[in-house]
Amino acid sequence: MGIYDSEYADDDEFGIIEEAKEFLRFCSDNDSNNRVEALDDLKFAGGDQWPVEIQNSRTLEARPCLTINKIGAYKRQVVNNIRQQRPRIKVHGMNSQSDEKIAEILTGICRHIETQSDADQAYDNASDFQVTMGWGYFRVTTDYIRDDSFDQEIFIRPIINPFTVYFDPNSVMPDGSDAERVMITEIISKESFRAMYPDADESNFNMRGTGDSDANWVTKEDIRIAEYFFILKKKAILCKLENGKTVWKDEYEDYMGEILDERDSVKKEVHWCKLTGAQILEKGIWPGKYIPIIPVWGEHVFVENKRKKYGLVRQAKDPQRMFNYWQTSLTESI
């Protein structure tokens, strides 16, 4: 469940940092098997296809140890089909001609966002990881259009390393729309960190998951920081007015009309903060109702109430190993 405002005050920096650490630990424990297997899938697809002990023994005996990698060809068949028919944002009108016209305008805006973002790169990167190991991500963000402007625009950006994303394990929707907490870690140089945050504390943070860079938050020349998204829920009363509109009771004014009905509900806000192991560097509220990190899932099944995620490579490992053994034995015998 999301965090209720009663759990800590908005300025409770220590509470947010500790909750972020606990969330990262929870994600690492919950998804550890998937991460280990996915990392092995990536290495296998890259050509690391022989067990280490067999490869070492053959090297010592000066025996061949061939890798004829067929995985790449099969993976490209799927990925290239996705690239030929990339996903596109489409807004559909509802009920009236007016809505249809508005939908066309919104679709045009979305096309502009995709074009200026070079969104194809984000889609292709996520799809490649989806096919290879079972999941990938891209994100929606905002940025200033120029260094000398206060105007911002929306951008769709790739997430280069999906292992740096810690996605809500309780999310079950295919598009991740029900996620209530997400963390993304990032390694930057200490020089850049000091330039951006001259008064910040370079604190150590030891939590991480398989595939996510070094085990320490602070390395010799680099520092790991994190972006943490979480949905903050506030209990509120929703009012239905005589004109059919709805309004929160704490925002209701007499001129709005008569209240016909009320019910208990919750207000949801997507909060964002950038933090180190002991300090919040930046924070704000994301202007939307969903966390702007979009997962792209491959195959996944639930086994004994645990989600098992995998891509094309997982089921192709044994046939590929068998082919390598055959070709190596043939070469060795001849």
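Summary of values
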| item | result |
| --- | --- |
| Sole residue being aromatic (F, W, Y) and without any contact (Cβ under 8 Å) to a residue 60 or more places away in the chain, chosen from Y228, Y252 | Y252 |
| Pick from the range 247-299, criterion within 12 Å of I231 (Cα to Cα) and basic (K, R), ranking: most open to solvent (accessible area, probe 1.4 Å) | K289 |
| Enumeration of residues in the range 139-180 that are open to solvent by less than 40 Å² (accessible area, probe 1.4 Å) and either over 29 Å from Y310 (Cα atoms) or in contact with a Leu (Cβ under 8 Å, 6 or more places away or on another chain) (or both) | S149, F163, Y166 |
| Selection status of Y325, in contact with a strand residue (DSSP E or B) (Cβ under 9 Å, 6 or more places away or on another chain), open to solvent by 70 Å² or more (accessible area, probe 1.4 Å) and either hydroxyl-bearing (S, T, Y) or modelled with pLDDT of 90 or more (or both) | no |
| Filter result for the condition that a residue is under 20 Å from the mean Cα position of the chain (by Cα), assigned to a helix (DSSP H, G or I), surrounded by 13 or more Cβ atoms within 10 Å (Cβ to Cβ) and aliphatic (A, V, I, L, M), over I89, I102, I82 | I82 |
| Single residue of F138, F129 found to be under 24 Å from G176 (Cα atoms), assigned to a helix (DSSP H, G or I), touching a residue at least 40 places away in the same chain (Cβ under 8 Å) and not β-branched (V, I, T) | F129 |
| Among residues of the range 40-79, those that are open to solvent by 90 Å² or more (accessible area, probe 1.4 Å) and assigned to a helix (DSSP H, G or I), counted | 8 |
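The values are calculated or read from the model by the stated rules, or taken from the named source; none is laboratory data. Source: prediction; values computed, not measured. Cβ atoms come from the backbone with ideal geometry, glycine included; neighbour counts cover every protein chain shown. Ligands, DNA and RNA are excluded from the accessible area calculation, which covers all protein heavy atoms including side chains. Shrake-Rupley method; radii C 1.70, N 1.55, O 1.52, S 1.80 Å.
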